[in-house]
Structures are given as structure tokens and as C-alpha cells.
Amino acid sequence: QASTTRDDLRSTKQRGRGGRAFVASRSGPLEPPSSVMGCSGSRLPSCCVELIAANPTDELSDDVDRSKERVDLEFPPDVLLRSMSDERRHELTENARAAPKTNDLDPFTGLLYKATKEQNHAYFDKKATGMGNEEPRKPLETRPFGPFRIPEFHEEANASAWKDVMREFSTALELEVLNSMDFYDDQATFFDSNDEAAIYYHETLRHHLPRHGEGVGALCVKKHVDGDAAALAFTGFGAWFLKAVVRPAPDEATAALWAGREASAGCVPPPSAVAVIDVCAQAKYAVRNGYERYGAAAFFSADRSPVGVWIESEERMYTPVDGREWEFAVWRFKCSLVYQSFAVGHLVWVHWSVSNTLVLSVREALEPGHCIRKLCNEFTHGSITINQAACVKLASARGAISRIGAINTDDVLKYIDELAQKFTFATFPQMLEAKGELPEGMLDGMPMAQDGRKLWAVTHAFVQAYLSIFYRRAGAAETGGTAESPLGLVEEDTEALAFWNTARTASIAIDTLPAKVDFDALVDYLATSIFYSTAVHELLGSVNFEVSLPTTTNGRIHARHLFPKDRPFQCTVQDWYRILCVTAATTLLPVPMLIPEMQRAAEGYASAATEARTSGHEAAAARHDRCAGVYLEFVRGLTSVADEIEAANETREMPFGSFNPRRLEVSVSL
């Protein structure tokens, strides 16, 4: 138990570590208040004192006056700050300092805030660099997690600055600490306005985030400030889930279908609906007291307007004529979507179905010098550490998934298993085709499709060009290896066959790969794995802008009775800090960036060519030269795509930055 004294607290506060997690008792020693009690009523162990000490209130009361700082237009709250008068900004800042709404944040949120608070621009300037992996192939020590086989932390090869960062983060979120904390579901303090939230964002969070353009996205007012559902659906991560509504005949509305339909048979789309985002399957999972169930399907017309929201747990369709209840239905849809996409979906699909499968296949089937393993080294950098941390710290019974969401802990693993079972491994063009027949121009007009096609094209061409240095396609006259294709056919390479078989069986989620591999299948698989680990991870796993204001979206849905007609639907102050700090402390780690890593790899091959040529190994030197050329062409292609995206965003009504190669990391982060 804590035996902290007032002097201890004073020195802790002077160190910037908080001061509101403990209160003085009349007898002298400080005692934890009721909000710091464990889930069984017992106090947290003394080792938790430092973990729960940080609180945003301390930055509101520090000696730095930020109320008159010039604000560049970098983050969504900046739009509001720049529109405020000096008088209003000063008034809101003084109110926040005099009566902060952050005093009663729970220990888990304080833990996350502490991790966020320790970040600054110098932290983000530490650009991590990927490292090669020279450990021989071997069966990795793994632990089962649902349908997945997750390698243990110690199987990560090579230490790096990035790994040290993850180790520090993992230590801060020890499972023992998480399991000793309650869920703290009873906090119901709300901001009075988004203007007020913008003040708290600027005072307590902004200075712990990357500069604009360094891991943060293209600012879109309708999506990130207004919280517009259509903007989220057509120019945000919702576009990944959008499907065409198909009616067999105009008079057969009840027979409407769409790919992957989850809504029950009673869901009849509005007559004007042509597209849908359906996440109704969540409704089967019970939520904790004080929250509404997840599960909704949102329907959109040909002009992209939302025309209906089906709430699965109520088996009711809401339309705009329903007024206030329509607004709540839209809010429930947005929260259901962000919870499935960010909190659970991106972990299941990107981390464990794709990234984890790739790293298992590479490490268990391929020797360090194999061309496929060398190609994958950068794209699996740190993935064992990340994917294991995601299991332990995020998806444990009382981990972050449960704490930024409201599904009962017993059902979280069931939800993970359901999403894994639904996963289909498909190339980006196949994914777009699977959306069905949307109205003419709708798909082509979506920034995700426009930018994704360009990025996919250069990624696929890169993988194909690289593998062509080592393999030849079936049908060529020669058999076996040659100087031009030293490994011959993919089908003749025993290591490549072992790699493919491991990829097919690493988890139940990857069951759509062909039974037999050839050159084209291998190119598609590797290009898709790279596309997921970079672009799709950014789209689904980076939602810092989407949750920067309390009325845009949130990870859980508070009960309807908490919202009288004069209060917009929103998250609580505690939930706002919690999801923002989860994204800030886990998804903004300074991991290696895609374009610099590809440039570094090109330089490595050029250096290897010089060494081989000096040693008289001309054939090897020629291959290294070709590899360097392929990587340099990839860098040029990525840079060109980035330039085109940035130029397009200058004129787009709603900018889209998730597939900009300049923002993409080379491998998954949390």
C-alpha cells in the first residue's frame, strides 16, 4: 500500500508527474481515493503509484500560458481555436484552470496520459531504422490467442531503439496493473462545447503529438470537425466497409442484398439507398451497464447522403424525419464503426491475420539469405513485439479494447474470433470489386479507391520486379536456375514452398490462399501483405484525427438518458482522454517510415554490389545492382504517388491522407 507523504507528493508534482491521484488524509499520510481502488475493492499495489500519478490537470495549472499562442492549422481542434475570439479563448482557458474537468479521471486514463505526456517533438524526431535479421529459420515459440499463433516477445530478432520504446511502453502497461483496475464506467462529466474541448486539447495534448505531416493526416473539416457521417463513409476509414445495395427488382425492397450482410431480415433499406456500411453483427454481444449496444447499418443515397440507420438491437430503421432520435442513431452507427474498425478490426485483420502470418512464414520457413526473407525484413520490422503486445496489453480481459469499448469482457475474445473467421485475404483490386455494383462514378470518386489504386500499382510492380531477379515464370524454355533467375521456378524452390504452406496454415484466418503457389500467386500475396502492413494499417489503425473532438465519434455509446436535448451526443471527458491517449501513446510510435527505409535498402544493395564486384563475384554484383535499381524505382514510384495525392488534396472537397506514402510506416505499429 502507498505510504506517500505530502513531501513525496510535492516533489512528484515538481517533476511533472501529477499530483491529483492521491489526496491528503487528516492523519498525515496520503491515501488513495475511492477511484483508485482495484476491481475487487482492494487497493492497487504500491508499484502503481507512479503509473497512475499523471493527470492533465497538472498541465492546465502549470506556469506556461498557452492561451495566446499562435495556432497553426494542424489538428482538428485548431479549426475551432482559430475561429474563437481572443476573449472567448481566454475565458475558456481560465475556466479550465479554475475548475478543471480532468480532476476525476480514472487511473487507467492517467496511465495512458502519462505515456502521452512523456512524448514531445524530440521524441518524434528519433526516427527508428529497420535492421536485418540473421537468425536461422526455426519453429518459433508461440502462444495461442484465439485462432492465432503469436510468437513470444523474446523471438524478436535484434535490439533497436524502437524496441526499447516498445519495452518501455509494455512495462508501463503491466498486465498485473491492468487486472487490478476497475473499468470506471461511472464517470459522466461532459464538455459544454467542442470549443471547450479544443482548449483542453491545446493545453494538455497538442504539445505531445507529432508536427503536422509527421504521422498525422490530411485535415478534413467535415470529417474531423463536423463528424459528418457521409464524410466518414466516403472519405474516411468507413470507405473500406462500404458495399453496394442490390435489389433483384424495384418492387422487391425486402430482398435487398449486399456483400457480407449482417443486418437481420427485418432490415429493409430506404428506397433511395444504393450503398451501405453494415456492422450489425456487434449487436449480439452484451455491453456493460450504462451503455447502449453496438451494431448498426447506415444507408446512403446516390448523392452520398445518409438516408437511413438500422439499429440492430432495436430492429428499427431511423431516417432523418426522426429528428433527435435520428441523430442518436447516427451517433451509434459512428461509434459502432470506429470500435469495429480501430479497436478490434485492425488488430484482427492487419496485425494477426496478415502481419503475424507473414512474420511466422518468414522466420520459420526461410533462411536469412533467402530473397523472400530479405524482401520482407523491413515490412516485418518489430512485428513480433508489436503483435504480442497487442494481445497482452490491448486484447487481454481488462486491456485497452475492453476499456475504450463497452462489450462484456467474456465476449471480447468471441468478437475477435468472429472477425477472424470473416477475414478474406484479397488483393486491393479484388477488395474493390467485392463491394458490388455501386452507381456509376461513386467508387471511382472515392479518394480511397483513387489513391489506393496508385499505391497498389507501384507496390505490386515493386514486388514483381524484385522476384523476377530470382525466379522465372512457368512456360519459359529453361528449367532450373540460371544466371538471370538463379532459383528457377517458384514451384521448384523448397524454401518458397515451405513459406507458402506456413502462410496457409499459420491461422484459420488465412484460408483463401491457393493450395499451390506459382510466381503470380506469390507476387499477389507479398504485395497484399505489404499493402496491409503499410496502407491498410494507416487507414484502419490511425484514428487520432477522427477522435480529436468529443462529438465526432467514440469507442463506446453512453446511455441515451444522459443526453437532454441541449447536449449534443458525445463521449465523456474521461472517454475522450482515454481514446485519444490510446491512439497517441500507441499508434504514434516513431517506427521506421516506408520511403526512407526503401531508400536505405537500395543503398544497402548498392554497397553489397560494390563489395561483391571487388571480391570478383560479378554475378552476385549484377544481382545486387538490379535489386538496388528495383528499390530505387519503388522509391521514385512512392514519391510520385505522394506528390499526386498531395496535389489532389489541394482541390478535393474532403482531403484523404491515409494512403500517402510519405505518412506510411514500413511495418505495423500498435
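Before moving on, here are some points about what is shown:
- Among the candidates GLN421, GLN450, GLN464, the residue that is in a helix (DSSP H, G or I), over 19 Å from the mean Cα position of the chain (by Cα) and within 30 Å of GLU653 (Cα to Cα) is uniquely GLN450.
- Listed by position, the helices (runs of 4 or more DSSP H) enclosed by the stretch 484-575 include none that has at least 1 residues that are open to solvent by 10 Å² or more (accessible area, probe 1.4 Å), over 30 Å from PRO136 (Cα atoms) and out of contact with any Asp or Glu (no Cβ under 9 Å at 6 or more places or on another chain).
- The residues in the stretch 576-606 that are free of Cβ contacts under 8 Å to residues at least 40 places away in the same chain and open to solvent by less than 10 Å² (accessible area, probe 1.4 Å) can be counted, and the count is 1.
- The residue list GLU440, GLU433, GLU418 contains one member that is out of contact with any Lys or Arg (no Cβ under 8 Å at 6 or more places or on another chain) and modelled with pLDDT under 95, which is GLU418.
- Under the condition of being buried (at least 17 other Cβ atoms within 10 Å of the Cβ) and not in a helix (DSSP H, G or I), the residues counted in the stretch 437-447 number 4.
- Subset of the stretch 184-220 that is among the hydrophobic types (A, V, I, L, M, F, W, C) and modelled with pLDDT under 95 - its residue that is farthest from the chain's Cα centre (by Cα): ALA188
- In the stretch 398-424, the residues that are within 29 Å of VAL573 (Cα to Cα) and open to solvent by 50 Å² or more (accessible area, probe 1.4 Å) form Cβ pairs under 6 Å with partners that are aliphatic (A, V, I, L, M) and modelled with pLDDT under 90, at six or more places apart or across chains, as follows: ARG398/LEU178.
- Condition check for ARG623: over 27 Å from the mean Cα position of the chain (by Cα), of a type in the set (D, E, K, R), modelled with pLDDT of 95 or more and crowded, with 17+ Cβ neighbours inside 10 Å: yes
- Residues (assigned to a strand (DSSP E or B), of a type outside the set (Val, Ile, Thr) and open to solvent by 10 Å² or more (accessible area, probe 1.4 Å)) located in the stretch 282-309: TYR291, PRO306
- Wholly enclosed helices (runs of 4 or more DSSP H) of the stretch 48-149 bearing at least 3 residues modelled with pLDDT under 90: 57-60, 107-117, 121-125
- Across the stretch 634-668, the qualifying residues are those that are aliphatic (A, V, I, L, M) and open to solvent by less than 20 Å² (accessible area, probe 1.4 Å), and the one among them that is farthest from THR534 (Cα to Cα) is ILE645.
The values are calculated or read from the model by the stated rules, or taken from the named source; none is laboratory data. Computed from a predicted model, the values in this text were never measured in an experiment. So basically every Cβ, Gly included, is an ideal-geometry build from the backbone, and we count neighbours across all protein chains shown. For the accessible areas, the whole protein counts, side chains as well, though only heavy atoms, and no ligand, DNA or RNA atoms are used. Shrake-Rupley method; radii C 1.70, N 1.55, O 1.52, S 1.80 Å.
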